[in-house]
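Here's the structure we're looking at; comments come further down.
A short reminder: the numbers here are calculations on the coordinates, not readings from a lab. Because the structure is a prediction, the values reported are computed rather than measured. Quick reminder, even Gly has a Cβ in these numbers, built from the backbone with ideal geometry, and neighbours come from all protein chains shown.
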Ligand SMILES: CC(C)(COP(=O)(O)OP(=O)(O)OC[C@H]1O[C@@H](n2cnc3c(N)ncnc32)[C@H](O)[C@@H]1OP(=O)(O)O)[C@@H](O)C(=O)NCCC(=O)NCCS
């Protein structure tokens, strides 16, 4: 196989390795991955490190191209997924090598990258956690008071609702960092079976023919030890639609004979707000070095792209601070920059991350300008199950 333009040999690891992208047949390699990609953002390509004359890489990872929100700004992003090194090649630096190369190349198309990291590995590559795992858990009985009031009604999902569902999602999560800017042409939607068999189901809430909400649920077939009933996504235009959809969720859980329901929603969405009024638990799992992580690949381009978001957060006259962010005079440390831009409470946290001498002359002025209202004004970052990779 000829070496593609731009590939580079790696010798540090005592094996002459070649980096390649666009590996063929990326979806059908593994039945588990095939299933995974059938209901998540699909990968654009796979890259790997190859020894000479080998058709299988020693180390490889999938790349997903998408558009992510950083507050109110839309930014092209790369998601890294399902990375692995063949067992007998592990702990020789191959994966670190592969990621370093893949990140440099990705930086030409996307200024920011995301992944779900195993604990204790990705910090060395500059990734920082930006979004805890968040879930509501509730006994189905607490949904008994919710109902659909006329003119709202629940109907089974059909693919013709996809464009309106994407539009509603984009509107409801317009400023929510970490969410994907949904494009109906790319969004897979639910893998709804809508049959009497257990599995995935999807429904919409209609009001005089208009879509005002939808829900994607899943539960595993009978005989599985996993007893939970899961709501993968539930989006409502208002409290009435949220109430109708939650009543429907309860009916599904009764039918599935599941006593507990898990709901994958941010606490400050319309549905999250309603759920917080019930007897539920809300679990938030933070990780110091793992979970959903992000890294800034191209600082200048990112700062340019998120201009509207910086304007929104800062009072007028913050141009010097923005310029300093762009050149790296302010928040030189990329991890601190990532925290500041992506986490709602970032400004408080970076005090601990950035040492006094590295804060630079702009820092006190900058912080004074930005401190007020940042945490309150920003929705919590979130990644819905359908957008994971
Ligand atoms: C994780 C993995 C990709 C690392 O590949 P690798 O080529 O051995 O990586 P490197 O040699 O560059 O780095 C090795 C480091 O990874 C760390 N590591 C390996 N597996 C780890 C795990 N499950 N959790 C945390 N760290 C891990 C090792 O501690 C080692 O660090 P150290 O040598 O400083 O102690 C490989 O172990 C693997 O394929 N695991 C199974 C698949 C997997 O879990 N993928 C998760 C990707 S998010």
Computed over the stretch 134-285, the ratio Rg/Rh where both radii use C-alpha atoms and Rh is Kirkwood
0.93
Zone of residue 104's modelled label, taken as backbone nitrogen in the stretch 121-165 under 16 Å from a point 7 Å along Cα→Cβ
125-126
Sequence of 293, 103, 378 once ranked by neighbouring C-beta atoms within 10 Å, starting from the fewest
103, 378, 293
If I stretch the segment between residue 44 and residue 287 completely, what's the gain in nm (0.36 nm per residue apart, minus their alpha carbon distance), one decimal?
84.7 nm
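Calculate, for residue 260 and residue 300, the FRET efficiency according to 1/(1 + (r/R0)^6) with r their C-beta to C-beta distance and R0 51 Å; round to the nearest 0.05.
Calculated value: 0.60.
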What does the extension gain come out to for residue 55 and residue 35, with contour length at 0.36 nm per residue minus their alpha carbon separation?
4.8 nm
Which FRET efficiency value, to the nearest 0.05, do you get for residue 88 and residue 133 by plugging their Cβ-Cβ distance into 1/(1 + (r/R0)^6) with R0 = 56 Å?
0.95
P(r) histogram, all alpha-carbon pairs of the stretch 122-161 included - 10 Å bins from 0, percent:
16, 22, 26, 18, 15, 2
Once all Cα-Cα distances of the stretch 9-131 are split into 5 Å bins that start at 0, what whole-number percent is in each one?
2, 10, 20, 23, 21, 15, 6, 2, 1, 0
Simple label model, 7 Å out from Cα along Cβ direction - residue 185 to residue 278, nm:
3.8 nm
Which order do 62, 157 fall in if you start with the one that has the fewest other Cβ atoms within 10 Å?
157, 62
If you look at just the Cα atoms of the stretch 65-221, how large are its Rg and its Dmax in Å?
20.1, 63
I need the peptides 43-56, 169-182, 273-286, 233-246 ranked by packing, meaning the mean over residues of other C-beta atoms within 10 angstrom, with the highest value on top.
233-246, 169-182, 43-56, 273-286
Under the classification rounded if a/c is under 1.5, otherwise prolate if a/b is larger than b/c and oblate if not, where does the stretch 249-312 fall, given a ≥ b ≥ c as square roots of the Cα gyration tensor eigenvalues?
prolate
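If I stretch the segment between residue 175 and residue 121 completely, what's the gain in nm (0.36 nm per residue apart, minus their alpha carbon distance), one decimal?
16.5 nm
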